[in-house]
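Structure incoming, see below.
The values are calculated or read from the model by the stated rules, or taken from the named source; none is laboratory data. If you're wondering where the values come from, they're calculated on a predicted model, not measured in any experiment. Because the Cβ atoms are built from the backbone with ideal geometry, glycine has one as well, and the counts that use them run over all protein chains shown. What goes into the accessible areas is simple: the full protein's heavy atoms, side chains included, and nothing from ligands, DNA or RNA. Shrake-Rupley method; radii C 1.70, N 1.55, O 1.52, S 1.80 Å.
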Amino acid sequence: MTRTITHLPSEPNLQNHDVFISYSRRDQAFVRNLDAEFRKLNRSPWVDWDSIRKGEEWWAAIQHGIEGANTFVFVISPDSINSLVCQDEINYAALNNKRFLPIVHREGFDPGRVHPEISSHNWLFFRETDDFQSSFQELLKAIDTDLEYVRMHTRLLVRAIEWQEKFKDSSYLLRGSDLEAAEQWVINSKKPPATHLQVQYIRSSRDAETARRSAISRSRRNVVAFTIFANLLVSSLAGIWFYKVRINEATDRIREDLVSALRIGIIGTNGDRFPEVAAIRVAQGENPKNNPLYQEQQQWLLNVNTVFPNAFPRTFIAGKPGEILWVGDVTREVRKTRKETRFLDSYSAEHKELDVFKNQETVVMNPYQDELGQWISASAPIKNSRGDIVGGMRVDFTQTYLESVQKSVQRDLMIAYIVVLAWLLTLSWIILRSMRSIRDR
């Protein structure tokens with residue numbers, strides 16, 4: 001028998017819980033007694049009658065309750081063994097490597113139908129013939145075993161899931177002593193073991209911390225180098241050097257943006273459905289605007305263009321030897337005076353587009369001109385879930401964008417050069433005046 005929610009709480013459920021209690025509705029009276037005993041000791045159980053707030057999706061609330069609980073307590077009875085909801089809760093707890101504590105309340109069930117995660121653990125007995133307080137003390141002892149380890153497991157799981165739900169935003173990663181404690185926790189792993197997501201979260205945190213420290217170190221070295229050059233008054237030579245560095249940095253930044261736009265475009269393209277898009281039949285020169293698969297692909301290309309306004313992603317398949325056929329093209333959706341292609345237009349592949357079918361990602365930073373305009377571009381293969389190459393994506397930046405960025409860097413550096421030179425000349429004049437005053441005295 002499945003459960004229903006009896007009432008909703010008056011305030012949000014934000015804290016972690018000592019236990020999540022999974023049970024059948026037929027055992028609700030027993031669970032209320034168990035819940036009361038926990039609360040007498042200021043323990044925090046999660047039970048579905050008072051842990052799901054108004055407006056919250058039911059299964060999502062159940063998942064959050066399991067994620068935020070240190071221990072998963074399963075009340076065994078004939079009804080809970082047969083409950084599909086209870087089975088789902090057990091499966092989700094197992095997916096997150098939660099610690100299981102099964103307790104038997106009512107017998108009369110088929111042992112063969114007991115979930116493997118439940119049957120593989122020692123059971124505590126809370127039958128009517130058992131002494132409740134004695135069994136409850138055993139339950140508390142089991143809950144408190146390796147409590148700090150289990151609490152860390154819960155804390156890292158909640159934070160890792162939040163990081164994943166925020167699209168792996170680096171601001172949600174661990175730092176400093178939190179990161180060190182998490183790494184030590186993994187090294188000293190007990191039961192329940194760390195999940196793959198927790199390990200990935202800790203590794204990503206370490207990578208980000210290493211990169212952050214490296215960036216600070218590089219920044220300090222740059223400051224020291226700049227100070228040395230300034231004090232030596234080699235303004236002209238430093239200006240020329242700095243100009244070249246900034247031009248290369250601007251070019252590298254454009255290249256990184258180009259590659260980032262390409263990879264984001266690839267990630268969001270459904271390789272399993274892409275052949276279906278390419279197989280759509282329309283009249284020559286027409287676009288399948290009303291086809292939902294085509295619309296989905298075009299919308300994703302438009303999303304990439306929204307994140308990278310200077311990026312113009314297009315998808316394609318192989319055509320005749322030396323040619324490709326355009327499938328998707330963001331310029332069909334945006335109006336930026338860029339020449340657009342038509343669905344399955346033929347194009348002479350002269351700029352490494354065909355390399356994608358050799359499983360190669362290519363970047364062309366030397367500006368070139370083709371029938372669509374003047375570009376720098378990058379291309380990569382589109383793969384299905386089996387890893388087969390089913391097409392390619394090309395992302396274009398206009399040559400004028402590259403030139404405008406370079407001119408902007410030149411202008412900014414010229415202004416900076418003049419300001420720095422003026423500052424150095426002023427500093428030199430102050431030093432000379434000070435030295436002259438000393439000599440005069």
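Ignoring ligands, DNA and RNA, what percent of the 1.4 Å accessible area of region 97-172 is carbon and sulfur?
That share works out to 47 percent.
Keeping every protein chain present and rolling a 1.4 Å probe, give me the accessible area per residue for region 94-191 in Å².
About 59 Å² of surface per residue is accessible.
Just for the chain, what percent of DSSP beta bridges are antiparallel, to the closest 5? If you can, show how the numbers build up before the last one.
Values: 27 of 42 bridges.
Of the beta bridges lying entirely in the chain, close to 65 percent run antiparallel.
I've got another one for you. Between residue 216 and residue 410, with labels modelled 7 Å along Cα→Cβ, what's the label distance in nm to one decimal, could you check?
Inter-label distance under the simple model: 3.9 nm.
Among 64, 156, 23, flag the residue with its Cα farthest along the positive direction of the charge dipole of the chain, charges on Cβ as +1 for Lys/Arg and -1 for Asp/Glu.
Sorting the options by dipole projection puts first 156.
Treat every Asp and Glu Cβ in the chain as -1 and every Lys and Arg Cβ as +1, leave all other atoms uncharged, and give the resulting dipole magnitude about the Cα centre to the nearest 20 debye.
2080 debye
While we're on this one: Each residue of region 173-178 in turn: what ³J(HN,Hα) in whole Hz from Karplus with 6.51, -1.76, 1.60 and θ = phi - 60°, glycine and Pro shown as x?
So the J values, rounded to whole Hz, are 7, 7, 9, x, 5, 4.
How much accessible surface does residue 132 have with a 1.4 Å probe, in Å² rounded to 10?
50 Å²
What is the extension gain from residue 113 to residue 184, computed as 0.36 nm multiplied by their sequence separation minus the C-alpha to C-alpha distance, in nm to one decimal?
So the chain would gain 21.7 nm between residue 113 and residue 184.
Which of the trypsin sites (Lys or Arg not before Pro) across region 368-416 are loop residues per DSSP, with 11 or fewer other Cβ within 10 Å?
386
Could I have the simple spin-label model distance between residue 57 and residue 240, label points 7 Å from Cα toward Cβ, reported in nm to one decimal?
The modelled label-to-label distance comes out at 6.2 nm.
For region 296-406, with only Lys/Arg (+1) and Asp/Glu (-1) charged at the beta-carbon, what is the dipole magnitude about the Cα centre, in debye rounded to 20?
That gives a dipole near 180 debye.
Express in whole angstrom the spacing between the alpha-carbon centres of region 161-219 and region 96-142.
Taking the Cα centre of each part, region 161-219 and region 96-142 sit 35 Å apart.
What residue among 281, 151, 218 shows peak mean-square fluctuation when the chain is described by a Gaussian network model with Cα springs under 10 Å?
281
Using the Karplus curve 6.51 cos²θ - 1.76 cosθ + 1.60 with θ = phi - 60°, what ³J(HN,Hα) values do you get for each residue of region 280-290, in whole Hz, with x for Gly and Pro?
So the Karplus estimates, Gly and Pro as x, are 5, 9, 9, 5, 4, x, 9, 10, x, 4, 8 Hz.
What is the Cα convex hull volume of region 66-188 when expressed per residue in Å³?
Hull volume over Cα atoms, normalised by residue count, gives 114 Å³.
Going by amide H atoms built from the backbone, whose H comes under 5 Å of the H on residue 17, apart from near neighbours?
Correct list: 69, 70.
Measure up 40/191; 40/141; 166/190; 98/190; 339/383; 98/191 against 18 Å on the Cα-Cα distance and list the ones that go over.
Beyond 18 Å between Cα atoms: 40/191; 166/190; 339/383.
Residues of region 122-141 with the amide nitrogen closer than 15 Å to a label point 7 Å from the Cα of residue 29, along Cα-to-Cβ, please.
From region 122-141, the list is 127-129.
Turning to a different aspect of this structure: Reported to two decimal places, what Rg/Rh ratio describes region 45-127 when computed on Cα atoms with Rh from the Kirkwood expression?
0.96
Another one. Considering only 375, 126, 313, whose Cα is most displaced toward the positive end of the charge dipole of the chain, charges sitting on Cβ of Lys, Arg (+1) and Asp, Glu (-1)?
375
Can you give the FRET efficiency to the nearest 0.05 for residue 120 and residue 295, using r as the Cβ-Cβ distance and R₀ = 51 Å?
Result of the calculation: an efficiency of 0.60.
Mind jotting down the three principal axis lengths of region 296-366 based on Cα atoms? Whole angstrom, largest first.
The Cα atoms of region 296-366 stretch 32, 25, 23 Å along their principal axes.
Sticking with this one: So the label point goes 7 Å from the Cα of residue 350 along Cα→C-beta, right? Which residues of region 370-414 then have their backbone N under 11 Å from it?
Correct set: 370-372.
Still on this structure: Once R0 is set to 45 Å, what does the formula 1/(1 + (r/R0)^6) return for the Cβ-Cβ distance between residue 137 and residue 177, expressed as a FRET efficiency to the nearest 0.05?
0.80
Further, regarding this structure: When the gyration tensor of the chain is built from Cα positions, what are the square roots of 5 times its three eigenvalues, in whole Å, from largest to smallest?
58, 38, 17
In addition: With Rg and the Kirkwood Rh both taken from Cα atoms, where does Rg over Rh land for region 275-429?
Ratio value, two decimals: 1.16.
Further, regarding this structure: Ignoring ligands, DNA and RNA, what percent of the accessible area of region 302-400 is carbon or sulfur (1.4 Å)?
Carbon and sulfur: 45 percent of the exposed surface of region 302-400.
What does the accessible area per residue of region 299-431 come to in Å², with a 1.4 Å probe and no ligands, DNA or RNA counted?
51 Å²
Most mobile of 321, 313, 192 per a Gaussian network model of the chain (Cα springs, under 10 Å)?
Looking only at 321, 313, 192, the biggest GNM fluctuation is shown by 321.
Quick one: what are the phi-derived ³J(HN,Hα) couplings along region 313-318, Karplus 6.51/-1.76/1.60 with θ = phi - 60°, whole Hz, x for glycine and proline?
Each residue's phi maps through the Karplus curve to give x, 9, 10, 7, 10, 6 Hz.
Want the number for residue 358 to residue 426: 0.36 nm per residue separation, take away the alpha-carbon distance, what's left? Working shown, then result.
Numbers: separation 68, 0.36 × 68 = 24.48 nm, distance 5.94 nm.
Between residue 358 and residue 426, full extension yields 18.5 nm more.
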